[in-house]
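Colleague: One structure coming up, written as structure tokens, with questions to follow.
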Amino acid sequence: MSNKRILLVGAGLSGAVIARKLAEAGHSAVVLDERAHIAGNCFTERDSDTGVMVHVYGPHIFHTDDEPVWDYVNRFQTFMPYVNRVKTTSGGRVFLLPINLHTINQFFGKTLRPDEAREFIASLADTTIGEPKTFEEQALKFVGRDLYEAFLKGYTVKQWGCEPSQLPASILKRLPVRFNYDDNYFFHRFQGMPENGYTEMVERILNHERIDVRLGTRFTRPDAASFDHVFYSGPLDGYFDFELGRLGYRTLDFDRFSYNGDYQGCAVMNYGDLDIPYTRITEHKHFSPWETHEKSICYREYSRACGPSDIPYYPIRMADEKALLERYVELARTQQNVTFVGRLGTYRYLDMDVTIREALDTGDAYINALQGKGALGAFFVNP
């Protein structure tokens, strides 16, 4: 297997992990990113005034059941224990999320045991709904109108910019209630935060003699001609200069402010009421509970439609977007020696652990293809 010259477009998790995989296999990798920094949207940096490790593009909490991926990230950074415990303000009161036994008892002023709470919530559910087709129907079928309107409806309208009755039921994937006092937001076995931030982790992944990182460098399609293969983690529609139209995204605006002390006592406070324009406030020093800081850095987070000059965060994937996506996927499959990867390259919302797993598997698939064991086309995972 001769040495190949590989181009990775994007210095986020996808590009870094694939580059490292191929570099360790003896290939040469050039990693381009038009931003002035590595690590993509999980970029972290210390605030010079407070010393707080700030998640510049919003908080990223690592959680997974994939033990090899957990071992992989710990190879490049020590992950400290962290449990994501989210609060929400609704109707002038503070509750625990996800909806659990404490939330139910507090909201309804009861002292229900698990079995009693299960029966009580079942009595509130809308039994006229058969197979839920929309987000709203999914919520009403399982938790009833009171909990839906207090904790799900307003937040969803602000996050997605439309009524929950217009969103598919799949967005609300699992039962949004627990009948115990477990307020760990995630179900996964492994959860933590990198001790010195994600930027240092990605920097270490990219620290290999066969990897050349070029920041502040914009990719153009003619660049691909001097490489044996391209792994592209930028926007799928952007690769084709949006010639078929733009895929829809939601973007985020952050109102960053400092506070002398502890602003809210937790890392994440959601706001479910529609009369509050932001979806949540994140207090970043609480993402590093092993550190102590007198001052604090907070973000008020606003969601809106993504414009041409904005950073795309959440793919919308409604009917119109899916139709356009199919056309771009067909166009992508006509390209030679280009594989589209990651959240933007495949137009899918991906957690970090899934991004890393797919990057590792994509790198393996390319190596196998070079050895005549299968082929790697435009997508390792079908969008």
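Colleague: Can you work out the Karplus-derived ³J(HN,Hα) for every residue in region 183-199? Use 6.51 cos²θ - 1.76 cosθ + 1.60 with θ = phi - 60°, whole Hz, and x for glycine or proline.
Modeller: For region 183-199, the Karplus-derived couplings read 10, 6, 4, 10, 9, 6, 5, 10, 8, x, 10, x, 4, 10, x, 6, 4 Hz, x marking Gly and Pro.
Colleague: Counting pairs of alpha carbon atoms under 8 Å apart in space and at least six apart in sequence, what relative contact order in percent does region 109-171 give?
Modeller: The value is 34 percent.
Colleague: Return the long-range amide H neighbours of Glu45 (sequence gap of 5 or more, or a different chain), with a cut-off of under 5 Å between placed amide H atoms.
Modeller: Hits under the 5 Å cutoff: Val54, Val56.
Colleague: Hey, for a label at Ala125 modelled as a point 7 Å past Cα toward Cβ, could you say which residues of region 165-209 have their backbone N under 18 Å away?
Modeller: 169-180
Colleague: Provide the percentage of antiparallel DSSP beta bridges, counting only those with both residues in the chain; round to the nearest 5.
Modeller: Just about 60 percent of them are antiparallel.
Colleague: Are there chymotrypsin sites (Phe, Trp or Tyr not before Pro) in region 114-215 that DSSP puts in a loop and that have at most 15 other Cβ atoms within 10 Å, and which ones?
Modeller: Tyr181, Phe187
Colleague: A further question on this structure: Which of the pairs Lys158/Lys295; Lys173/Lys322; Lys153/Lys173; Lys87/Lys285; Lys133/Lys153; Lys21/Lys322 have their Cα atoms more than 26 Å apart in this structure?
Modeller: Check vs 26 Å cut-off fails for Lys158/Lys295; Lys21/Lys322.
Colleague: Here's a follow-up. Using a 7 Å offset from the Cα along the Cα-to-Cβ direction at both Ser309 and Glu45, what is the distance between the two label points in nm, to one decimal?
Modeller: It is 2.0 nm.
Colleague: Oh, and also: Which Cα, out of Tyr72, Asn368, His60, lies furthest along the positive dipole direction of the chain (beta carbon charges, K/R +1, D/E -1)?
Modeller: Checked the options; the winner is Asn368.
Colleague: A further question on this structure: Report, in deg cm²/dmol and to the nearest 500, the calculated mean residue ellipticity at 222 nm for the chain, where each DSSP H run with n ≥ 4 adds -39500 (n - 2.57) and the sum is divided by the residue count. Mind showing how you got there, number by number?
Modeller: Working: 11 runs with 111 residues, N = 383.
Taken over the chain, the calculation gives -8500 deg cm²/dmol.
Colleague: Expected output is a single nm value to one decimal: the length gained when fully extending between Thr217 and Asp65, i.e. 0.36 nm times separation in residues minus the C-alpha distance. What is it?
Modeller: 51.2 nm
Colleague: On to the next question. For region 109-171, with only Lys/Arg (+1) and Asp/Glu (-1) charged at the beta-carbon, what is the dipole magnitude about the Cα centre, in debye rounded to 20? Display every interim value, and only then the final one.
Modeller: Working: 8 positive and 10 negative charges, 34 e Å.
The calculation lands at about 160 debye.
Colleague: Could you give the size of the charge dipole of the chain about its Cα centre, using +1 on the Cβ of each K and R and -1 on the Cβ of each D and E, expressed in debye and rounded to the nearest 20?
Modeller: 300 debye
Colleague: With θ set to phi - 60°, apply the Karplus curve 6.51 cos²θ - 1.76 cosθ + 1.60 along region 247-257 and write out the HN-Hα couplings as whole Hz, x wherever there is a Gly or Pro.
Modeller: The phi angles translate into 6, x, 9, 9, 10, 10, 10, 10, 9, 8, 8 Hz.
Colleague: Let me ask something else about it. Counting only C-alpha contacts under 8 Å and six or more residues apart, can you give the relative contact order of the chain as a whole percent?
Modeller: Numbers: 750 pairs, mean separation 95.8, N = 383.
The value is 25 percent.
Colleague: Another question about this same structure. With r defined as the distance between the Cβ atoms of Asn382 and Arg256 and R0 fixed at 41 Å, what FRET efficiency is calculated, to the nearest 0.05? Provide the component values of the computation, followed by the final result.
Modeller: Details: r = 38 Å, r/R0 = 0.93.
Taking R0 as 41 Å, the efficiency between Asn382 and Arg256 is 0.60.
Colleague: If amide hydrogens are placed 1.01 Å from N in the peptide plane, which non-local residues have theirs closer than 5 Å to the one on Thr339?
Modeller: Long-range HN contacts for Thr339: Val230, Phe231, Tyr232.
Colleague: From the backbone phi of region 51-65, what are the Karplus-calculated ³J(HN,Hα) couplings (6.51 cos²θ - 1.76 cosθ + 1.60, θ = phi - 60°) in whole Hz, Gly and Pro given as x?
Modeller: x, 6, 6, 9, 8, 4, 9, x, x, 10, 10, 7, 8, 6, 9
Colleague: Amide H neighbours of His37 under 5 Å, at least 5 residues apart or on other chains, H built in the peptide plane: list them.
Modeller: Those qualifying (amide H under 5 Å, at least 5 residues apart or on another chain) are Gly216.
Colleague: I would also like to ask the following. By what distance, in whole Å, do the Cα atoms of the chain stretch along each of the three principal axes, largest value first?
Modeller: 69, 50, 37
Colleague: Run the dipole for region 21-80 about the Cα centre, Lys and Arg Cβ at +1, Asp and Glu Cβ at -1, nothing else charged, and hand back the magnitude in debye, nearest 20.
Modeller: 140 debye
No lab work stands behind these numbers, since they all come straight from the coordinates. Everything numeric here is computed off the predicted structure, so don't read it as measured data. Heads up, the Cβs are rebuilt from the backbone with ideal geometry, glycines too, and the neighbour counts pull from every protein chain shown.
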